[in-house]
Amino acid sequence: GGGGGVALLPIPAECMVRLADIGSRDLHNVDVTVTRAGGSGGGLMQPASHRGSAAFSEDYGNPVLSHESSADSAIGAAGKGAPPLFDDRLPVPGERFPTRDEAATAAQSLKAAADAGPRADGSGTGLQSVVPMVSLMVTADHSPESPKEFERLRRQRCQPANPSLPLLLVVYDSSSGSYNKASCTPVFELEPNDPAAAARVTNSGKYYKNVRQEWASLVATPPSARFSDALAFTRSLGDLHLQAYGVCSKPEVFEVDMDALLAPSQDHPGANMGLVVLACTDGIWDNWQFDDTIRQAVFGIGVMTPASAAPTNPYMAEAYADAAMPPGTSLRVTADVEAAMGSTAAQRSADALIAENAKLAKANFGSSADNATGVVAFLWR
């Protein structure tokens with residue numbers, strides 16, 4: 001929208017594509033039922049075949065932007081009786097998000113939320129009660145509850161006595177704070193008659209780690225490790241001790257189609273199409289439903305702030321009037337931004353997000369609330 005008129009629109013279908021997963025590119029041909037005889041590390045998986053090794057290097061090392069679906073190629077190869085080049089138990093290049101069905105459901109939910117109007121306390125538009133529809137997660141799921149990450153972990157380094165399980169412990173954290181993670185409840189269970197099949201999430205957590213009611217889960221070193229360590233994610237640039245057991249520093253690579261996201265809307269002809277991009281730490285994400293952060297960043301309407309206290313004009317609308325940043329401007333802190341441009345709408349939005357989050361963090365976590373950092377950017381055409 002422009003001026004004071006801003007409306008939230010659903011995310012279009014298939015606007016994001018996975019180009020590669022550098023962390024699992026060499027694991028698609030790994031057999032999870034055998035171990036490598038005489039391997040120096042023990043519990044290292046054995047490749048089932050070397051078919052397609054050149055394709056791995058080509059697809060992952062030099063991803064092209066033509067978006068020829070590797071997933072479709074795998075299905076075609078499998079239909080001819082050949083071993084599939086890509087296994088969908090691992091991240092597959094060419095997968096698109098959200099699916100058309102997800103996007104259609106999101107659009108319907110957004111309309112239902114708009115029709116529902118504000119909540120009883122006057123602090124929202126009903127979006128808290130419906131499935132995500134106006135936000136797109138542009139990072140991969142690398143939580144210990146990710147089935148694809150569990151598959152990567154057990155293919156990368158399995159238990160010598162049971163190659164169907166990863167050497168790294170994948171468990172729900174104990175509410176007692178016990179340091180003995182081997183006694184914690186496993187996140188996954190195997191199919192008894194086919195342990196190499198995709199594992200199932202047990203959903204047996206002990207406490208929630210955020211307001212989205214996601215279970216607190218960990219990956220932890222095995223009892224045989226010289227040093228005990230644990231982490232709430234399966235990938236990390238640091239944590240080198242855990243990387244010896246399967247934690248990975250290599251990323252998944254996605255491409256977001258900005259033309260699709262900013263395409264003119266049939267329902268709002270002639271309107272300026274815009275995006276808000278949020279890059280935040282857990283100290284913020286732990287306190288919010290994802291769509292609520294969009295409402296806060298665009299409208300200044302938070303979970304604890306009634307709509308009547310929101311700014312007169314949405315931050316997104318005000319951002320259209322902000323002056324362009326001078327070429328060559330060096331920005332290190334807020335004062336640099338204000339010196340170059342004055343008080344921008346994006347800066348006011350970020351300040352309001354942090355202030356609202358501080359109230360939520362105190363209510364949700366008290367003195368144990370995590371540090372919070374957030375970056376807000378508005379994009380439009």
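The values are calculated or read from the model by the stated rules, or taken from the named source; none is laboratory data. As the structure is a computational prediction, the values presented were derived from the model and not from experiment. We place every Cβ from the backbone using ideal geometry, glycine too, and count neighbours over all the protein chains shown. The accessibility values were calculated without ligands, DNA or RNA, using every heavy atom of the protein model including side chains. Shrake-Rupley method; radii C 1.70, N 1.55, O 1.52, S 1.80 Å.
Side notes on the structure shown:
- Residues that are closer than 26 Å to ARG18 by Cα, touching a residue at least 60 places away in the same chain (Cβ under 8 Å), within 14 Å of the chain's Cα centre (by Cα) and part of a loop (DSSP other than H, G, I, E, B) are absent from region 260-275 altogether.
- Residues (assigned to a loop (DSSP other than H, G, I, E, B), at pLDDT 80 or above and open to solvent by less than 40 Å² (accessible area, probe 1.4 Å)) located in region 23-52: GLY23, SER24, LEU27, HIS28, ASN29
- Enumeration of residues in region 275-301 that are in contact with a helix residue (DSSP H, G or I) (Cβ under 8 Å, 6 or more places away or on another chain), modelled with pLDDT of 90 or more and of a type in the set (A, V, I, L, M): LEU275, VAL276, LEU278, ILE284, ALA297, VAL298
- Selection of region 197-219 for residues being surrounded by fewer than 16 Cβ atoms within 10 Å (Cβ to Cβ), in contact with a Leu (Cβ under 9 Å, 6 or more places away or on another chain) and part of a loop (DSSP other than H, G, I, E, B) yields only ALA197.
- Failed criterion for ASN272 (all others in (1) in contact with a Phe, Trp or Tyr (Cβ under 8 Å, 6 or more places away or on another chain); (2) at pLDDT 85 or above; (3) open to solvent by 50 Å² or more (accessible area, probe 1.4 Å) hold): (2)
- Of all residues making up region 363-378, the number that are exposed (fewer than 13 other Cβ atoms within 10 Å of the Cβ) and in a helix (DSSP H, G or I): 3
- Only one of the listed residues (VAL256, VAL276) is touching a strand residue (DSSP E or B) at 6+ places or on another chain (Cβ under 6 Å) and closer than 15 Å to ALA140 by Cα. That residue is VAL256.
- For region 277-305, filtering for residues that are in contact with a Gly (Cβ under 9 Å, 6 or more places away or on another chain), open to solvent by 50 Å² or more (accessible area, probe 1.4 Å) and not hydroxyl-bearing (Ser, Thr, Tyr) leaves 1.
- Residue match in region 109-117 (condition: modelled with pLDDT under 90 and outside any helix (DSSP H, G or I)): yes
- Looking across region 232-244 at every residue that is open to solvent by 30 Å² or more (accessible area, probe 1.4 Å) and touching a Leu at 6+ places or on another chain (Cβ under 7 Å), the one that is farthest from ALA220 (Cα to Cα) is identified as ASP239.
- Which numbered condition ARG226 misses (of (1) farther than 30 Å from LEU360 by Cβ; (2) surrounded by 14 or more Cβ atoms within 10 Å (Cβ to Cβ); (3) at pLDDT below 95): (2)
- Every residue from region 182-203 that is of a type in the set (S, T, N, Q) and within 18 Å of GLU149 (Cβ to Cβ): THR185, THR202, ASN203
- Any hit, region 169-191, residues being open to solvent by 50 Å² or more (accessible area, probe 1.4 Å), farther than 30 Å from ASN364 by Cα and at pLDDT 95 or above: yes
- Condition met for GLY283 (more than 14 Å from SER143 (Cβ to Cβ) and assigned to a loop (DSSP other than H, G, I, E, B)): no
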